[in-house]
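Let me begin by presenting the structure, written as C-alpha cells, before commenting on it.
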C-alpha cells in the first residue's frame, strides 16, 4: 500500500477519532471546522481508502477478570508463515494481540489471563502448538 495523501483536516479528524471513535459527525465537524455532511464524507473516504480500518471499544482488562498480562515470544521450528502464527493467535481467546517480529523470536503474543495458573495453562497450549519449539515470557508489572 502506498502512503496516501492526507491533508491537515484528515489528520485532525483521525486524531479526534483516536480520542473518541464514538463522536458524532456533527460534534466531530464542529471540532474540525466542517459541516456534518462534509465530515461524514471525509470519514467515509478514509474508511474506503483503508486509513480507518475499524472502530472498536477499548476494554479495561481487569473488568473482565484478566489480572495477568504477559508478552510471550514465539520461537518456531523451521519457517512458519505469518498465517500459521495468525491461526495460533486466533485459536486462543486469551491472546489479545499478535505480531511477527525481527530478531531471534519469530513472533510475540500479548496474553491476558485471570491468574498465574490460568496463564500457565494458556502457555501450555501455546507450547504444544505444532511448529512452536519454545517460548519466552515477560509478565507485565505495570503500565507506564
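No lab work stands behind these numbers, since they all come straight from the coordinates. Fair warning: this is a prediction, and the values are worked out from it, not measured in the lab. Cβ placement follows ideal geometry from the backbone for every residue including glycine, while neighbour counts extend to all protein chains displayed.
Only Cα sites of the stretch 61-139 enter the Debye sum here, all with the same form factor; the resulting log10 I(q)/I(0) across q = 0.16, 0.17, 0.27 1/Å is -0.52, -0.59, -1.40, listed in q order.
With Kirkwood's inverse mean 1/r over C-alpha pairs for Rh, give me the Rg to Rh ratio of the stretch 89-133, two decimals please.
0.96
Rg/Rh for the stretch 8-48 (Cα atoms only, Rh after Kirkwood) is 0.90. Calculated [222 nm] ellipticity per residue, helices only, for the chain: -11500 deg cm²/dmol; basis is -39500 (n - 2.57) per DSSP H run with n ≥ 4, divided by all residues, nearest 500. Taking other C-beta atoms within 10 angstrom as a stand-in for reagent exposure, 71, 55, 25, 119 fall in the order 55, 71, 25, 119, fewest first. Taken over the chain, the ratio of Cα radius of gyration to 2.2 N^0.38 Å equals 1.36. The label-point distance for residue 97 and residue 7, in a model that sets each label 7 Å from Cα toward Cβ, rounds to 3.3 nm.
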